[in-house]
Amino acid sequence: MSKKNRQRRRDGDRKAAKKQQIPFVARPFAGLPAEPDLVAMMQIIPAASMTVRLDADHGGQEVQLVTLLPELARSLKRADGEVLVAMQTTVRSGDASRDVAAALLEALDLEPGTGLSPSGLPEPGERLQDILDPGYTPSIDVRESFDFWLTAEQAEEPEALRIVEDAKEGIAPTVPVPGVEHAYWCRMNGKEFVRWVRGEDEDAFFNAFARIHAARESDLEEGARFLGAFRACGLAIPVWELVPGTEAEELTAPMQAMAQRLEAALADDAPLDAEARRAKAGIISRQVNL
């Protein structure tokens, strides 16, 4: 074989080995019953777990989606056989649902006590929507620590407990707001905030909230001011800075009142007036994409 032909063959082999790129999906968890909480686990909650169930074609077993795993592992199979899959990792393609599903499916074949370390991006394939049981509605469990890393036996080991306690030091206290779905109070740098993962399409939210902001009704209550909103996985996450010392249970009434204002604004399909358009422009100008 000539030198030129050998070079052509090597070039062809490299092209054949090149991974297919995953198309970008703006709202990757759309259609899943826990979409807002999956976004919250990926973006704003430090420590939480959620039990999900695979469909019958994928074995029907329950696994744990969690916020974070040791050493930024994508997934692991604990010594007791429990499968944990991280929502927060350094592996990010254009489709977060595909990333999590790929880590989950690989974890099923791991040996107990081993993890799946960060690696290259997965290729196109099954997503969470393709492998989870649609009849099972998961619920989120917000934690104060990463104790879900440990089996019952490991929880008795001083060294394992020390690792969990060391990791706990970096957790900003975060708890759900009672009676308000997908809203999370947190304390950071001596201040209190609430972040609310909205379930409607982000554009619908920003139009509705522009009406509220233009009417000067965007603060939760006196002293609890609207700061802005994140865009994350196709959903909007408005943020309010709270009156110093405010606790989560004190937010139920004002946030339920805000929910009523939002429902009314979302139902208004009239074009935005000039004041609302200016309000929307101001909100969008200080938003952050996550």
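The values are calculated or read from the model by the stated rules, or taken from the named source; none is laboratory data. Computed from a prediction, not measured in an experiment: that's the story for all the values here. Please note: Cβ atoms are built from the backbone with ideal geometry, for glycine as well, and neighbour counts cover all protein chains shown. Each accessible area value is taken on the protein alone, full model and side chains, heavy atoms only, with ligands, DNA and RNA left out. Shrake-Rupley method; radii C 1.70, N 1.55, O 1.52, S 1.80 Å.
How tilted is helix 96-107 with respect to the longest principal axis of the chain? Cα atoms for both, answer in degrees (0 to 90, nearest 10). Between helix and principal axis, roughly 40 degrees.
Per residue, region 171-241 exposes an accessible area of 40 Å² to a 1.4 Å probe, with every protein chain left in place. For Phe230, neighbours were defined as the other residues whose beta-carbon sits under 10 Å from its Cβ, and their charges (Lys and Arg +1, Asp and Glu -1) total +1. The packing ranking, built from the mean of other Cβ atoms within 10 Å per residue, places the peptides 198-207, 267-276, 107-116 in the order 198-207, 107-116, 267-276, highest first. Each label was represented as a point 7 Å from its Cα along the Cα-to-Cβ direction; for Glu62 and Gln260 these points are 3.8 nm apart. Per residue, region 57-135 exposes an accessible area of 43 Å² to a 1.4 Å probe, with every protein chain left in place. Once the C-beta distance of Asp130 and Arg92 is scaled by a Förster radius of 22 Å, the resulting FRET efficiency is 0.70 to the nearest 0.05. Direction-averaged projected area, Cα convex hull, the chain: 21.1 nm², rounded to one decimal. About its Cα centre, the chain has a charge dipole of approximately 2340 debye under the convention of +1 per Lys or Arg Cβ and -1 per Asp or Glu Cβ, with nothing else charged.
Stretching the chain fully between Glu82 and Asn189 yields a gain of 35.0 nm (0.36 nm per residue, less the alpha carbon separation).
Out of Ala253, Gln154, Ile171, whose Cα points farthest toward the positive end of the dipole of the chain (charges: +1 Lys, Arg; -1 Asp, Glu; placed on Cβ)? Projecting each Cα onto the dipole axis, the largest value belongs to Ile171.
Heavy-atom surface analysis with a 1.4 Å probe gives region 117-206 a carbon and sulfur content of 49 percent of its accessible area.
Residues Cys233, Cys186 ordered from highest to lowest accessible area at a 1.4 Å probe: Cys233, Cys186. Applying 1/(1 + (r/R0)^6) with r as the Cβ-Cβ distance of Ile163 and Asp269 and R0 = 41 angstrom yields a FRET efficiency of 0.20. With springs only between Cα atoms under 10 Å, which of Arg278, Arg231, Arg195 fluctuates most in a Gaussian network model of the chain? With Cα springs under 10 Å in the chain, the top fluctuation among Arg278, Arg231, Arg195 is at Arg278. For the residues Met188, Met41, Met258, a GNM of the chain with alpha-carbon springs under 10 Å puts the largest fluctuation on Met188.
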